[in-house]
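The block underneath contains the structure these notes are about, expressed in structure tokens.
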Amino acid sequence: MTFKHLFKATLKWRNKAQPYASKFSSKTHRISIAGKPDLDISAAKAFKGDPALYNPEDLLLSSLASCHMMSYLYVCAQNNIDVISYDDHAEAILEVQPDGSGRFIEVRLNPRVTIAHPAQITLAINLHTKANQLCFIANSCNFPVLHNPTCQVI
């Protein structure tokens, strides 16, 4: 049996350029999700956005790293692995074409996991494959999501 979940977000942007000159328009906008703090978002600095704000590329990469971690913690719990800490320094490569179109061509997750029991290191590393298979966000992407996990014991 499958389940469907609906997610909603509201985006608001206002043109502050006069007289509506699109190449001078601000890229800053707001995303609202009921019951959560609003997010102010802009384009990436490379695309003339506000570098102090999150951009869609940041958020996609963050979503992949976060979803993988939650999937990983789930499979570790199923396998009785006590995870002490989890850090990731994720990277994404965005390729932009001369016509201005672009796409992510690769994301590389670099999770560094600390566990409690040395006998479980190999299993803990191998469970990243299962976590990737379960990750909702990775399953929605049309580019490779690669993993370079490391594991240590406290």
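Miscellaneous remarks
- The residues on offer are 12, 27, and the sole one that is over 22 Å from residue 129 (Cβ atoms) and open to solvent by 100 Å² or more (accessible area, probe 1.4 Å) is 12.
- Number of positions in segment 98-154 that are in contact with a helix residue (DSSP H, G or I) (Cβ under 8 Å, 6 or more places away or on another chain) and farther than 27 Å from residue 84 by Cα: 2
- Condition met for residue 117 (modelled with pLDDT of 95 or more and open to solvent by 50 Å² or more (accessible area, probe 1.4 Å)): yes
- Failed condition for residue 80, given (1) loosely packed, with under 13 Cβ neighbours inside 10 Å; (2) part of a strand (DSSP E or B); (3) not small (Gly, Ala, Ser): (2)
- Filter result (part of a helix (DSSP H, G or I), open to solvent by 50 Å² or more (accessible area, probe 1.4 Å) and in contact (Cβ under 8 Å) with a residue 24 or more places away in the chain) within segment 134-148: 134
- Residue within segment 114-124 that is in contact with a strand residue (DSSP E or B) (Cβ under 8 Å, 6 or more places away or on another chain) and assigned to a strand (DSSP E or B) present: yes
The values are calculated or read from the model by the stated rules, or taken from the named source; none is laboratory data. Since the model is a prediction, treat every value here as computed from it, not as a measurement. Counting neighbours? That spans all protein chains shown, and the Cβs are built from the backbone with ideal geometry, glycine included. The accessibility values were calculated without ligands, DNA or RNA, using every heavy atom of the protein model including side chains. Shrake-Rupley method; radii C 1.70, N 1.55, O 1.52, S 1.80 Å.
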